[in-house]
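Novice: First the structure, which I've put down as structure tokens, then a few questions once you've had a look.
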There are 2 protein chains.
Amino acid sequence: MDRVAGLALWRQIADQIKGDISKDILRPGCKLPTEILLAQQFKVNRHTIRRSIAELVEEGLLKVEQGRGTFVVDYLVDYQLGRRTRFTETVLKQNKNPIAKTLSITTISADRDIAGSLKIDEKTDVFCLETIREIDNRPLAIGSHYFPKQRFPDLIEVFKAEGSISNMLSKFGCGDYERQTTKITARPPTKREASILLQARNRPILVTESINIDKDKQPIEYGVARFSADRVQLVVET
Amino acid sequence: MDRVAGLALWRQIADQIKGDISKDILRPGCKLPTEILLAQQFKVNRHTIRRSIAELVEEGLLKVEQGRGTFVVDYLVDYQLGRRTRFTETVLKQNKNPIAKTLSITTISADRDIAGSLKIDEKTDVFCLETIREIDNRPLAIGSHYFPKQRFPDLIEVFKAEGSISNMLSKFGCGDYERQTTKITARPPTKREASILLQARNRPILVTESINIDKDKQPIEYGVARFSADRVQLVVET
DNA sequence: ACTGATTTGTGCGTATGTATC
DNA sequence: TGATACATACGCACAAATCAG
């Protein structure tokens, strides 16, 4: 740090932290060292560090949580909930790069929740598609998508050929499916969920249960999505 | 317990627990004794207790959390989010008894969030109304409601006279206010929030930020509500 | 980050009553 | 009557998750 130039110390420090963030040395969501540690590293008083942090908070690059620490702000994605809810479209509009990975495709027997949502009999077969949705290479959500086997008997092949749920449903003539309802709750993540989402066990996840219907109002998909609550904000426009 | 009749032991035990729940001896949200304790009390094997609990979980009366315990399912209120979002109406429809208590009424200077949402200048005065919403005498949510002072100069008097936000807004000629947007996130509660909502620190809260507009599309209220995530489910019908 | 105590989850083996063929 | 299958109940041991310190 240069203690003579016309540039305030705190501003130089702020610029350096800002540089570390843009150079990805400090990644979104990372915890900064404590103010006391930073003060030692930069050989300045803690108040000087606090002035730098205050500046970057004001700029929206850092966030401070009393008793926990100072963090690089994580990607906050607005996830729009509406009739036409499409992950990829929503994310692209925010100039971010969405990716959906497939974890598994299985056939299971419908439990009460699934059967009730899809309006089929309990214990009939449904396909379960597990996906991970990522934005700029950071996991955002885990999705479980249930489809009635009776209606989509060759779903697995079509999905593998098409590569995405939207495209697959188009092939089945349901390109114009709509979101009927979304139920939203929050809870702590399981160990598996936390490890997939790369998040702490004590940070909550947002859970949405949704039903998608075709143009004849028939339910074609029941989906449960588990979002990292620190990285997403659900938005309802009414 | 009668060990001779044609009725299985586990079923008799399940019925007794069910009775305790309906007689309010076991209240919603309460933790049951551990399986081992119940086994001792009923003088049966732990497996027998487990069979009873499994039955009541199936019936939706209990929920089990590994490592934590078995609980009487708590009130799960569906909170509908739409153009006309009104707490009292929503709750009455579900045959429950809503109460709104006022914690405080203060005047503060608008920060960036508040000013941006209400489309007023930063640092102009706003009224802040803090409320607690209860259902059947259990706290459900803490609300912070911000109103521009310029538009509602005598808000405090009118609110005290009317007793509710809806009625107050009616007096101001805004009875037909509508919900424009709702943003939903989740996070752990602060100590204060946990104590007001009577919930554990490690259970998350749902946070909604909403903007209400009058018939001329002017924002008249910016509200932040913090719901106990274990007791509410937000529902979006599209 | 680790520890020990608590609590539920799971699997094994055994025994007995009850219904059916 | 006997054979078989199934539901019920008990005992023990360990795995996995939670929680407080």
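Novice: Going down the table (A:K93/B:K191; B:K96/B:K217; B:K31/B:K93; A:K215/B:K217; A:K191/B:K43), which pairs top 30 Å between alpha carbons?
Specialist: Violating the 30 Å Cα-Cα cut-off are A:K93/B:K191; B:K96/B:K217; A:K215/B:K217; A:K191/B:K43.
Novice: With label points built 7 Å along Cα→Cβ from the Cα atoms of B:S22 and A:R201, find their separation and express it in nm.
Specialist: Each label point lies 7 Å from its Cα, and together they span 4.0 nm.
Novice: Can I ask one more? State, to one decimal in nm and shortest first, how far the label point of B:G60 sits from each corresponding label point in the other identical copies (label point: 7 angstrom along Cα-to-Cβ).
Specialist: 4.3
Novice: Can you bin region B:9-72 into rounded, prolate or oblate? Criterion: square roots of the alpha carbon gyration tensor eigenvalues sorted a ≥ b ≥ c, rounded for a/c under 1.5, prolate for a/b above b/c, oblate for the rest.
Specialist: Rounded is the answer for region B:9-72, as its axis ratio a/c remains below 1.5.
Novice: List the distances, in nm to one decimal, from the label point of B:R11 to the label points of the same position in every other copy, shortest first, placing each label point 7 Å from Cα along the Cα-to-Cβ direction.
Specialist: From this label point to the equivalent ones elsewhere in the assembly: 8.1 nm.
Novice: As an exercise, use a Förster radius of 56 Å and the Cβ-Cβ distance of B:K43 and A:L7 to find the FRET efficiency, rounded to the nearest 0.05.
Specialist: For R0 = 56 Å, the calculated efficiency reads 0.10.
Novice: Per-residue Cβ counts within 10 Å, from other chains only, averaged over A:177-184: what number is that?
Specialist: Going residue by residue through A:177-184 and averaging, the value is 5.
Novice: What are the ³J(HN,Hα) couplings of region B:134-141, residue after residue, when phi is run through the Karplus curve with 6.51, -1.76, 1.60 and θ = phi - 60°? Round to Hz, x for glycine and proline.
Specialist: 10, 10, 6, 6, 10, x, 10, 7
Novice: Could you derive backbone 3J(HN,Hα) for region A:167-184 from the dihedral phi with the Karplus parameters 6.51, -1.76 and 1.60 (θ = phi - 60°), listing whole Hz in sequence and x where the residue is Gly or Pro?
Specialist: Once rounded to whole Hz, the list reads 4, 4, 5, 4, 4, 7, x, 10, x, 9, 5, 10, 7, 8, 9, 9, 10, 10.
Novice: Quick one: which residues, 5+ away or cross-chain, put their amide H under 5 Å from the amide H of A:L26? H built at 1.01 Å from N.
Specialist: A:I21
Novice: Something else: Which whole number gives the average, over all residues in B:185-192, of C-beta atoms from other chains lying within 10 Å of the residue C-beta?
Specialist: That average works out to 5.
Novice: Still on this model: How far, in nm, would the chain grow between B:K123 and B:R84 when pulled straight, counting 0.36 nm per residue and subtracting the alpha carbon separation?
Specialist: The B:K123-B:R84 span can extend by a further 11.1 nm.
Novice: What order, most packed first, do the peptides A:183-192, B:152-161, B:139-148 have when packing is the mean number of other Cβ atoms within 10 Å of each residue?
Specialist: B:139-148, A:183-192, B:152-161
Novice: 222 nm [θ] for chain A, helices only, -39500 (n - 2.57) per DSSP H run of 4+, per residue, to 500?
Specialist: Here the helix-only value at 222 nm equals -8500 deg cm²/dmol.
Novice: Continuing with this model, one more query. Using 7 Å Cα-to-Cβ label points, what is the A:D136/A:Q66 separation (nm, one decimal)?
Specialist: 3.0
Novice: So, one more: Along Cα→Cβ at 7 Å, what distances in nm separate the B:S22 label point from those on the other copies, shortest first?
Specialist: 6.9
Novice: Residue by residue through A:225-238, how many Cβ atoms from other chains fall within 10 Å of the Cβ on average?
Specialist: Average per residue, whole number: 5.
Novice: Please give me, ordered by residue number, the GluC sites (Glu not before Pro) of region B:49-99 that lie in loop per DSSP and have at most 12 other Cβ atoms within 10 Å.
Specialist: B:E59
Coordinate-derived values only; no laboratory data. These numbers come from a predicted model, not from an experiment. Because the Cβ atoms are built from the backbone with ideal geometry, glycine has one as well, and the counts that use them run over all protein chains shown.
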